[in-house]
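Visitor: I have a structure I would like to understand better, so I am pasting it below and will then ask my questions one at a time.
The values are calculated or read from the model by the stated rules, or taken from the named source; none is laboratory data. These figures come from a predicted structure and were not determined experimentally. Positions of Cβ are backbone-derived with ideal geometry, glycine not excepted, and every protein chain shown enters the neighbour counts.
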Amino acid sequence: MMAKQYAKQFKLDAVHYYSEHKDLELKGCAKNLGISYQTLSRWKKELNESGDIHHRGSGNYRSDLAKENARPKRELRNTQDALDI
């Protein structure tokens, strides 16, 4: 089973939700958001330590530029494959 991936904005919103509802504690906030408290704790720690939350997105590209550059390369490869048939 693959790990569930969450959008960066969801992660930021989840940490913000916790900061505004500390009376629910970490487990209560995580339960309300439908995530594990370990996940929420990791996102909170990451945001506190680095000021941002890491998010790779689908495709596991190193940057948005790398993802953008991969598309024409993939299209060219697909076209070449189609011509070889």
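Visitor: Determine whether region 72-81 contains at least one residue that is modelled with pLDDT under 95, under 17 Å from the mean Cα position of the chain (by Cα) and in a helix (DSSP H, G or I).
Guide: Within region 72-81, none of the residues are modelled with pLDDT under 95, under 17 Å from the mean Cα position of the chain (by Cα) and in a helix (DSSP H, G or I).
Visitor: Another one. Only one of these conditions is not met by Arg42: (1) at pLDDT 90 or above; (2) surrounded by fewer than 11 Cβ atoms within 10 Å (Cβ to Cβ); (3) of a type in the set (D, E, K, R). Which number is it?
Guide: The failed condition is (2).
Every residue, every condition in (1) within 24 Å of Lys67 (Cα to Cα); (2) of a type in the set (Asp, Glu); (3) more than 15 Å from the chain's Cα centre (by Cα); (4) part of a loop (DSSP other than H, G, I, E, B), yes or no:
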position: Tyr6; (1), (2), (3), (4): yes, no, no, yes
position: Lys11; (1), (2), (3), (4): yes, no, no, no
position: His16; (1), (2), (3), (4): no, no, yes, no
position: Lys27; (1), (2), (3), (4): no, no, yes, no
position: Ala30; (1), (2), (3), (4): no, no, yes, no
position: Ile35; (1), (2), (3), (4): no, no, no, yes
position: Thr39; (1), (2), (3), (4): no, no, no, no
position: Lys44; (1), (2), (3), (4): no, no, no, no
position: Ile53; (1), (2), (3), (4): yes, no, no, yes
